[in-house]
Amino acid sequence: MPFLVTSAAGVNGDGYGMLLAFDRAGRSLGAFSSDPRIFDPRGLAIAERNELLYLNSGSDRILALDGHGKVVRDSGPVPELNPGGGAFGPDGRYYVGVRSARTIMALSPTLDGARECILPTGFVPFPRGFAFSGNGTLFLSSGVDPNGEGDNTIVAFAHGLNRKPTQLVFDPELSPLDLTVASNGNILVSSEHPFGSPNAVTSVREYGAADGQLIRVLSAGVSAEFRRPRGLRFGPDSTLYCAAQDEVVGFDFASGRCLGAVVRYPRLNGQAVALFP
């Protein structure tokens with residue numbers, strides 16, 4: 001089961017603008033797919049029901065790939081989509097962060113049919129990753145935009161059509177980049193604080209889903225450089241992986257111990273990571 005990592009390009013970083021593959025020893029396997037519709041790729045999500053990898057492309061479209069890297073589903077161009085992260089919801093739909101409109105859009109897993117923005121446009125100034133809990137609660141991390149607007153926090157939306165947000169996390173040392181939910185129900189967030197600073201403190205921060213209290217901080221220490229942490233994903237062995245600049249860093253989630261860089265690759269500028277197929 002190889003590591004797949006989206007490498008940013010353009011304004012998102014001096015990376016490769018490709019979906020790259022690495023074996024479990026961290027050796028490069030080259031591009032997982034050479035399809036030209038993959039441009040400045042961002043979020044990744046695996047649909048376990050149909051064993052497809054969903055990829056958010058900077059060309060304002062969403063693609064689904066099979067285990068050989070072949071595109072088998074294509075949303076077609078979605079005007080001003082500018083997608084960020086992606087995740088499957090409890091209703092089976094694929095959800096994608098719409099960065100320019102600052103909302104979240106839901107699509108059928110077939111990537112055709114109606115599209116629904118589930119939050120008002122511009123709901124948060126700077127959305128920074130989202131995920132669903134087992135009971136359907138939506139957690140959305142919010143950062144501060146380049147103009148200083150916004151708050152570094154996490155908001156929660158209870159399951160149901162009437163989504164009334166609750167500001168869940170108040171942590172002065174949080175600057176979120178991505179968010180996922182662990183099997184124990186807690187919220188995990190990759191953080192770079194202050195965001196964009198060469199002296200930023202980088203970490204993965206764990207919060208209680210019910211009260212937003214900080215439970216623990218996972219740091220790389222001397223085990224990895226861990227600069228510009230971005231996408232978080234769990235592997236099948238419950239190891240937590242975080243895409244970062246020039247590397248993918250692993251953590252033993254049970255103990256919180258950093259396992260070091262499981263992938264090292266110059267100019268990687270990783271945005272999302274997945275273990276697929």
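Would you please report the Å³ per residue occupied by the convex hull of the alpha carbon atoms in the stretch 64-223? The partial results should precede the final answer.
Values: hull volume 24.3 nm³, N = 160.
Looking at the stretch 64-223, the number lands at 152 Å³ per residue.
Which whole-percent values make up P(r) of the chain when all C-alpha to C-alpha distances are grouped in 10 Å steps starting at zero?
Histogram of Cα-Cα distances, whole percents per bin: 7, 32, 39, 20, 1.
Could you provide, to the nearest whole Å², the per residue accessible area of the stretch 1-47 with probe 1.4 Å? Don't skip to the answer; put the middle values down first.
On the way: 1970 Å² over 47 residues.
Accessible surface, normalised per residue, equals 42 Å².
Compute the distance in nm between two label points, each set 7 Å from the Cα along the Cα-to-Cβ direction, one at VAL201 and one at ARG93.
For VAL201 paired with ARG93, the spin-label model returns 3.9 nm.
Per 0.36 nm of contour for each residue apart, how much would the distance between PHE170 and ASN147 grow if the chain were fully extended, relative to their Cα-Cα spacing? Can you show the working numbers first?
Working: separation 23, 0.36 × 23 = 8.28 nm, distance 2.07 nm.
So the chain would gain 6.2 nm between PHE170 and ASN147.
Please state the charge dipole magnitude for the stretch 65-190, taken about the Cα centre, from unit charges on C-beta atoms (+1 on K and R, -1 on D and E), reported in debye and rounded to the nearest 20.
Details: 9 positive and 12 negative charges, 56 e Å.
Dipole about the Cα centre, nearest 20: 260 debye.
Using a 7 Å offset from Cα along Cα-Cβ at ILE215, what residues in the stretch 242-272 end up with backbone N under 15 Å from the label point?
252-257
Given the whole protein assembly as supplied and a 1.4 Å probe, what does the accessible area of ARG42 come to in Å², nearest 10?
Using a 1.4 Å probe on the heavy atoms, I get roughly 20 Å².
Based on the Cβ-Cβ distance of THR121 and HIS68, what FRET efficiency does E = 1/(1 + (r/R0)^6) give at R0 = 35 Å, to the nearest 0.05?
Working: r = 38 Å, r/R0 = 1.07.
According to the calculation, E is roughly 0.40.
Quick check on the stretch 8-158: what are the equivalent-ellipsoid semi-axes from the Cα gyration tensor, as sqrt(5λ), descending, whole Å? Please report the intermediate quantities before stating the final value.
Numbers: eigenvalues 124, 72, 47 Å².
Computed over the stretch 8-158, the values are 25, 19, 15 Å.
Less than 10 Å Cβ to Cβ from ASN50, Lys/Arg counted +1 and Asp/Glu -1: what total charge do the surrounding residues give?
On the way: positive: ARG49, ARG73; negative: GLU48, GLU51, ASP66.
Result for the local shell: -1.
Which net charge results when you count Lys and Arg as +1 and Asp and Glu as -1 among the other residues whose beta-carbon is under 14 Å from that of ASP35? Working shown, then result.
Details: positive: ARG37, ARG61, LYS70, ARG73; negative: ASP40, ASP66, ASP74.
My count for the surroundings of ASP35 gives +1.
How long is the gain from GLU51 to ARG267 if the chain were fully straight, where each residue apart is worth 0.36 nm and the alpha carbon distance is subtracted? Display every interim value, and only then the final one.
Working: separation 216, 0.36 × 216 = 77.76 nm, distance 2.94 nm.
Extra length available between GLU51 and ARG267 comes to 74.8 nm.
Run the 1.4 Å probe and let me know the accessible area of THR121, rounded to the nearest 10 Å².
Here the accessible area works out near 110 Å².
Sequence gap at least 6, Cα distance under 8 Å: using those rules, report the relative contact order of the chain to the nearest whole percent.
Working: 759 pairs, mean separation 40.1, N = 277.
Rounded, it is 14 percent for the chain.
Rounded to the nearest 10 Å², what accessible area does ASP145 show when all protein chains are kept and the probe is 1.4 Å?
The accessible area of ASP145 comes to roughly 10 Å².
May I ask you to derive the FRET efficiency for VAL222 and ASP112 from their Cβ-Cβ distance with R0 = 35 Å, giving the value to the nearest 0.05? If you can, show how the numbers build up before the last one.
Numbers: r = 49 Å, r/R0 = 1.40.
Computed FRET efficiency for VAL222 and ASP112: 0.10.
The values are calculated or read from the model by the stated rules, or taken from the named source; none is laboratory data. Quick caveat, the model's predicted, so the values are computed rather than measured. Cβ sites come from the backbone with ideal geometry, for glycine too, and all protein chains shown count toward neighbours. Please note that ligands, DNA and RNA were not included when accessible areas were found on the heavy atoms of the full protein model with its side chains. Shrake-Rupley method; radii C 1.70, N 1.55, O 1.52, S 1.80 Å.
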